[in-house]
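Scroll down for the structure; my scribbles are underneath it.
The values are calculated or read from the model by the stated rules, or taken from the named source; none is laboratory data. Values in this document were obtained by computation on a predicted structure and should not be read as measured data. Positions of Cβ are backbone-derived with ideal geometry, glycine not excepted, and every protein chain shown enters the neighbour counts.
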Amino acid sequence: MKKTVISIAALAAISAVSFAQTNPAPAQTAQTQQVSPAAKTAAVSKEAKKAEVIFGDISAVNTEKNEITLKVKKDKTDKTFSVEQKEMAKLKVGEEVKIKLIDGKVESIKPVMKHEVKNKKHENKTEAKQEKPAENK
């Protein structure tokens, strides 16, 4: 029994020392960091295509310039965006929309759907609470 315990302890000590002595990975030199031109362009295109999503209400529609003015919900500022003619026909003043921007240009505009089912459930709960007053004991 003693031999088993001593041999396990010795193996644990030797393995701990061997892990502590492992050499760290060598630093990459300029020669090992060479990247193909195709990989560089792919990396640049990923960095260049930054997507942003903005939620807000349409405060103005300019059909002559194909622009909309959006009152942004996050910071309560007005921003103007250029929109394609076919998208302009779908948009109305006062409508809540979600705009997806890529590199500062409008990629898509979608109306925000409100979930009326959740609101109805909430209304039903509040009505039930009002109907059943709390009993005082």
Residue list for the stretch 84-100, restricted to those being acidic (Asp, Glu) and more than 19 Å from Glu52 (Cβ to Cβ) = Glu95
Kindly list the number of the only condition in (1) at pLDDT below 85; (2) more than 15 Å from Phe55 (Cα to Cα) that fails for Lys114.
-> (2)
Note on Asp75: of the conditions (1) touching a strand residue (DSSP E or B) at 6+ places or on another chain (Cβ under 8 Å); (2) part of a loop (DSSP other than H, G, I, E, B), unmet is (1)
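Table: residues versus (1) within 15 Å of Lys110 (Cα to Cα); (2) loosely packed, with under 10 Cβ neighbours inside 10 Å; (3) without any contact (Cβ under 8 Å) to a residue 60 or more places away in the chain.
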| position | (1), (2), (3) |
| --- | --- |
| Ile54 | yes, no, yes |
| Thr63 | no, no, yes |
| Glu67 | no, no, yes |
| Leu70 | yes, no, yes |
| Asp75 | no, yes, yes |
| Lys79 | no, no, yes |
| Leu91 | yes, no, yes |
